[in-house]
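Inspection log for the structure reproduced underneath, given as structure tokens.
No lab work stands behind these numbers, since they all come straight from the coordinates. Being a predicted model, the structure only gives us computed values, none of them experimental. In this analysis, Cβ positions are derived from the backbone assuming ideal geometry, glycine residues included, and neighbour counts consider all displayed protein chains.
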Amino acid sequence: MGRTILFAALGVLLAAGPGCRSRTDAAAAPPVRVAIETAKGTITAELDAAHAPATVANFLRYVDAGLYGNGRFHRTVRADNQPGAPFPIEVVQGGPDPVVAGRGFPPVALESTRRTGLRHLDGTLSMARADPDSATADFFVCIGDQPELDFGGRRNPDGQGFAAFGRVVDGMDVVGAIRDARADGQRLDPPVAIVRVRRLP
């Protein structure tokens, strides 16, 4: 009897295939810390590989390829530059140098907050996108809680929200300095340089 149950369990695992991870496997994935070094200081972030594995893997392939080096924070969305917005938010957005970004990787499928259980809270890192499965390298940091960016939120008309994948653990003062930098509308002018993004031990 015990042998039959064991073989049945093995059959289920084999049927699932190597690309299918159990909840236990996902929960065991350790967080990854990165340092986002900018012209205004360093932001330390913890990436949630357990709950958003595909999004974290996508971000890290840009990190490991060095493509955020000489990048920039180029957008600030704050109270004074979104007049009349029905669902205002507060974020700063950055990414690689646009010349380098075209040499990056294919878009990643959207891991929505409905799927991951994560939320867009103060300090959350999330992927910028247009269509649901179009995110590549640009990311943003939330300043304050931003529920309209979650699945079902109204900031994006498609209602799918954005892919939260980590949080700032140190350096929200740097995020605030980027938010408050000189801007032409929502475009930071000049952009705030990203010197590099690197993994931490």
Got a sec? Which strands (runs of 3 or more DSSP E) wholly within region 37-137 have at least 1 residues that are in contact with a His (Cβ under 6 Å, 6 or more places away or on another chain) and in contact (Cβ under 8 Å) with a residue 60 or more places away in the chain?
-> none
Considering residues that are closer than 17 Å to SER126 by Cα and among the charged types (D, E, K, R), the number found within region 64-77 is 2
Inter-residue pairs, beta-carbon under 6 Å, first in contact (Cβ under 8 Å) with a residue 40 or more places away in the chain and in region 145-161, second of a type in the set (A, V, I, L, M, F, W, C) and in a helix (DSSP H, G or I), 6+ apart | ARG155/LEU149; GLY161/LEU149
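Does at least one position in region 183-200 carry a residue that is without any contact (Cβ under 8 Å) to a residue 40 or more places away in the chain, within 20 Å of VAL32 (Cα to Cα) and either of a type in the set (Asp, Glu) or touching a helix residue (DSSP H, G or I) at 6+ places or on another chain (Cβ under 9 Å) (or both)?
no
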Report, by residue number, each residue of region 55-68 that is surrounded by 16 or more Cβ atoms within 10 Å (Cβ to Cβ) and within 11 Å of the chain's Cα centre (by Cα).
-> THR55, VAL56, ASN58, PHE59, LEU60
Name the residues in region 109-135 that are over 26 Å from ASP170 (Cβ atoms) and either aromatic (Phe, Trp, Tyr) or in contact with a helix residue (DSSP H, G or I) (Cβ under 7 Å, 6 or more places away or on another chain) (or both), would you?
-> ALA109
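Check region 61-73 and report whether any residue there is under 26 Å from PRO157 (Cα atoms) and touching a Gly at 6+ places or on another chain (Cβ under 9 Å).
Looking through region 61-73, at least one residue is under 26 Å from PRO157 (Cα atoms) and touching a Gly at 6+ places or on another chain (Cβ under 9 Å).
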